[in-house]
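Inspection log for the structure reproduced underneath, given as structure tokens.
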């Protein structure tokens with residue numbers, strides 16, 4: 001009996017020691033971005049942005065080309081951690097890229113684009129998007145999620161593992177400067193080791209015959225934030241940033257996945273369950289001189305508690321993707337490019353605007 005207990009003790013000690021070593025290693029190599037990081041611009045263009053020209057922008061959370069119509073996700077109440085195989089992921093990516101080319105936008109603000117990750121079968125989606133759109137576009141990329149090993153969510157075989165993912169912004173115009181802004185706040189250790197480090201990417205453009213700048217912001221804000229602490233810090237940071245830009249008189253367009261219900265959209269898609277409920281954004285969040293630009297006629301996101309079924313009355317929708325613009329930006333149209341959630345759990349949102 002004593003020998004058996006001793007063997008059990010040795011096994012338990014070995015398991016605990018291995019877990020401690022693994023946790024120590026992951027802590028040592030944890031991604032710790034600086035508050036502000038300058039980004040390189042790949043294939044920068046020479047054409048300047050101009051006033052009184054109509055431009056088209058698209059914001060689209062790609063869901064790392066793995067959250068299309070047949071998928072669910074365990075963090076949203078589903079069962080899966082990734083697509084069944086690489087071919088499925090590639091089919092979603094092909095569909096997403098068809099939407100991008102069809103849009104013929106001047107600016108693309110893309111979220112959840114995998115640079116290299118087990119969950120997307122190590123396909124470089126950043127490079128693929130750039131090659132698809134071609135030499136007329138430059139791009140920047142900034143990590144929003146970088147971890148050596150993410151153990152959750154499902155099983156010994158269905159887990160996220162290694163992941164590098166983030167924000168890709170593509171444009172036809174000359175970028176003077178691009179920076180990654182780390183949002184304040186973080187999860188407590190050890191959860192933060194394998195979690196997202198939320199950020200926004202700010203691109204600065206000179207405007208032809210103007211002393212003002214065009215400021216383009218691509219962001220993806222916190223989702224799984226139990227008590228709202230991270231969300232509050234991120235929103236305060238964004239608000240302060242907008243106030244600075246307003247004081248400078250710059251032209252500002254912010255687009256992305258806010259993971260919150262916009263004030264104008266509250267009540268359109270009421271919660272049907274409590275698996276994941278998008279916070280309602282505060283009515284007085286925007287500083288003076290800014291407004292939301294949304295398409296309220298279609299949902300921008302669906303819950304991943306099950307494969308997409310538009311006939312199921314329990315299917316949960318949200319309006320959490322859209323734009324913020326300054327009052328010197330004239331918006332002529334905002335359209336949800338509704339693709340029926342075939343290729344992602346988000347719909348792309350398109351905006352047409354002029355700097356005035």
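The values are calculated or read from the model by the stated rules, or taken from the named source; none is laboratory data. Nothing here was measured: the structure is a model prediction, and the numbers come from that model. Positions of Cβ are backbone-derived with ideal geometry, glycine not excepted, and every protein chain shown enters the neighbour counts.
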Test result for residue 327, under 30 Å from residue 213 (Cα atoms) and either touching a helix residue (DSSP H, G or I) at 6+ places or on another chain (Cβ under 9 Å) or surrounded by fewer than 22 Cβ atoms within 10 Å (Cβ to Cβ) (or both): yes
Residue count, segment 213-261 (criterion: out of contact with any helix residue (DSSP H, G or I) (no Cβ under 6 Å at 6 or more places or on another chain), within 19 Å of residue 280 (Cβ to Cβ) and part of a loop (DSSP other than H, G, I, E, B)): 7
Output for segment 74-89, where each listed residue is touching a strand residue (DSSP E or B) at 6+ places or on another chain (Cβ under 8 Å) and surrounded by fewer than 21 Cβ atoms within 10 Å (Cβ to Cβ): 74, 75
How about segment 265-292: which of its residues are out of contact with any helix residue (DSSP H, G or I) (no Cβ under 8 Å at 6 or more places or on another chain), more than 29 Å from residue 82 (Cα to Cα), assigned to a loop (DSSP other than H, G, I, E, B) and without any contact (Cβ under 8 Å) to a residue 40 or more places away in the chain? 266, 267, 284
Test: residue in segment 181-189 that is assigned by TED's automatic domain parsing to the domain that holds residue 121, more than 18 Å from residue 220 (Cβ to Cβ), in a strand (DSSP E or B) and at pLDDT 90 or above: no
Restricting to segment 327-338, and then to whatever is at pLDDT 95 or above and within 22 Å of the chain's Cα centre (by Cα), can you tell me which residue is farthest from residue 93 (Cα to Cα)? 334
Report yes if some residue within segment 295-306 is over 25 Å from residue 92 (Cβ atoms) and either in the same structural domain as residue 222 (by TED's automatic domain parsing) or crowded, with 21+ Cβ neighbours inside 10 Å (or both); otherwise report no. yes
Selection status of residue 148, modelled with pLDDT of 95 or more, in the same structural domain as residue 180 (by TED's automatic domain parsing) and part of a strand (DSSP E or B): no
Is there a residue being closer than 20 Å to residue 33 by Cα and either surrounded by 15 or more Cβ atoms within 10 Å (Cβ to Cβ) or outside the structural domain of residue 261 (by TED's automatic domain parsing) (or both) anywhere in segment 207-218? yes
In the set 115, 132, the lone residue that is at pLDDT 95 or above and assigned to a strand (DSSP E or B) is 115
Could you tell me how many of the residues in segment 261-282 are buried (at least 19 other Cβ atoms within 10 Å of the Cβ) and either under 19 Å from residue 201 (Cβ atoms) or out of contact with any strand residue (DSSP E or B) (no Cβ under 6 Å at 6 or more places or on another chain) (or both)? 1
Has segment 165-179 got at least one residue that is surrounded by fewer than 23 Cβ atoms within 10 Å (Cβ to Cβ), at pLDDT below 95, in the same structural domain as residue 46 (by TED's automatic domain parsing) and touching a strand residue (DSSP E or B) at 6+ places or on another chain (Cβ under 9 Å)? no
Conditions first: (1) in contact (Cβ under 8 Å) with a residue 60 or more places away in the chain; (2) crowded, with 23+ Cβ neighbours inside 10 Å; (3) in contact with a helix residue (DSSP H, G or I) (Cβ under 6 Å, 6 or more places away or on another chain); (4) within 30 Å of residue 34 (Cα to Cα). Residue 92 passes all but one, so which condition is the exception? (4)
Check on residue 204, surrounded by fewer than 16 Cβ atoms within 10 Å (Cβ to Cβ) and free of Cβ contacts under 8 Å to residues at least 60 places away in the same chain: yes
Selection status of residue 93, in a loop (DSSP other than H, G, I, E, B) and either in the same structural domain as residue 48 (by TED's automatic domain parsing) or more than 18 Å from the chain's Cα centre (by Cα) (or both): no
Say whether the condition of being within 24 Å of residue 30 (Cα to Cα), modelled with pLDDT of 95 or more and assigned to a loop (DSSP other than H, G, I, E, B) is met by at least one residue in segment 157-164. no
